[in-house]
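Below: one structure, written as structure tokens.
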Amino acid sequence: MADLPDISSPTREAIFAGYERDANEGFRTHLGASLIGKACERALWYDFRWTTRARFAGRVLRLFETGNREEERLVRNLRRTGATVVEVDPQSGRQFRVAAHGGHFGGSLDAVAINLIEAPKTWHVVEFKTHAQKSFTDLAAKKVRESKPQHYAQMQVYMLLTEISRAIYLAVNKNTDDLYVERIELDAAFAAQLLEKAGRIIFAQNPPARINEDPAWYQCRFCDHADVCHGKQAAEINCRTCLHATPIDGGWQCARHNKSLSEVDQRTACERHLYLPALIPGEQADAGEDWVEYVFPDGAHWRDMGINKTAGGAS
């Protein structure tokens, strides 16, 4: 196979660099409904505890933007069929949001709609997605629940928390502009299980079991948290990875300083940050007021001393 031509240029790289500069800090303040269908609960716990910063290349961030822009066209497409599509909550002037577990779990709906051709009198949660050819073909063959379980779970949570019993899923084939449309019914028992799963993860002090103990397992190999999970890399330093911090109704609380933690506090942490013991790939050997000592499987000792710690100190 011939090598692909080099398409790099200063302008191209500058455009992608701009996306990377403008990207957020890689952490979501809540556990998202869009993620709750993920198979590995440990990975979800790592997401919520901000152990690994999400970093995307500029090209990928631009691709995300393209997906968001597609939503505008899909709204126009639906309205052209006679549907009433409401994108913004009239009470807040923003996207419809759902939340649970003290605000630590939730998400934003793309829209709600009524007067759809298939069921004109029923309100629907609306979910828009874009797919490459292979993904779109699989979706058309297997339907949403089997082909895209995270998307299915996301809609189930939205339906449960909005008390809307139907959803409509509109998917675009990015290669051909073909469309896939599927109506989904609320499975209240399944949605309640997802909500319980979210609470279990959010309020757990320790991570759930690994989905597989072999780091070469395919779900581990492609996981953003693989190096932290399998003890090859230190977790990020922030309040959510600190043993003093606890999620409470409406926010986070620091036991060491006896105060509520703002989002800025959580992201920056303080000089007395001490890792949650579950994030250290060793056994606790000793501890003092502001330090914890660990022994690793190879016999080496390491003391977590807060202010003297560097990001790589526990690796």
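The values are calculated or read from the model by the stated rules, or taken from the named source; none is laboratory data. Owing to the predicted nature of the structure, the values given are computational and were not obtained by experimental measurement. Positions of Cβ are generated from backbone atoms using ideal geometry, with glycine treated the same way; all protein chains shown enter the neighbour counts.
Remark: pairs (first residue in region 256-276, more than 19 Å from GLY26 (Cβ to Cβ) and part of a loop (DSSP other than H, G, I, E, B); second residue of a type in the set (Gly, Ala, Ser) and modelled with pLDDT under 95; Cβ separation under 6 Å; 6+ apart in sequence or on different chains) = GLU271/GLY306; ARG272/GLY306; LEU274/GLY306. Is at least one residue of region 281-292 surrounded by 14 or more Cβ atoms within 10 Å (Cβ to Cβ), modelled with pLDDT under 95, closer than 24 Å to ALA43 by Cα and not polar (S, T, N, Q)? So far as region 281-292 goes, yes, one or more of its residues are surrounded by 14 or more Cβ atoms within 10 Å (Cβ to Cβ), modelled with pLDDT under 95, closer than 24 Å to ALA43 by Cα and not polar (S, T, N, Q). Tell me whether region 6-26 contains one or more residues that are in the same structural domain as LEU116 (by TED's automatic domain parsing), aliphatic (A, V, I, L, M) and in contact with a Gly (Cβ under 8 Å, 6 or more places away or on another chain). No, region 6-26 has no match at all. Among the residues of region 169-200, not one is under 16 Å from THR66 (Cα atoms), among the charged types (D, E, K, R) and within 22 Å of the chain's Cα centre (by Cα).
Taken as a whole, the structure leaves SER34 outside the set of residues that are part of a loop (DSSP other than H, G, I, E, B) and more than 20 Å from the chain's Cα centre (by Cα).
Among all residues of region 92-100, there is at least one that is out of contact with any Phe, Trp or Tyr (no Cβ under 7 Å at 6 or more places or on another chain), under 22 Å from GLU196 (Cβ atoms) and crowded, with 18+ Cβ neighbours inside 10 Å.
Restricting region 221-239 to residues that are in a helix (DSSP H, G or I) and out of contact with any helix residue (DSSP H, G or I) (no Cβ under 6 Å at 6 or more places or on another chain), which is surrounded by the fewest Cβ atoms within 10 Å (Cβ to Cβ)? So that I can check it myself, show each step before the final result.
We begin by selecting, within region 221-239, every residue in a helix (DSSP H, G or I); these are 221, 226-229, 239.
Now restrict to residues that are out of contact with any helix residue (DSSP H, G or I) (no Cβ under 6 Å at 6 or more places or on another chain): 221, 227-229.
Details: ARG221: 11, ASP227: 16, VAL228: 23, CYS229: 25.
By that ranking, first place goes to ARG221.
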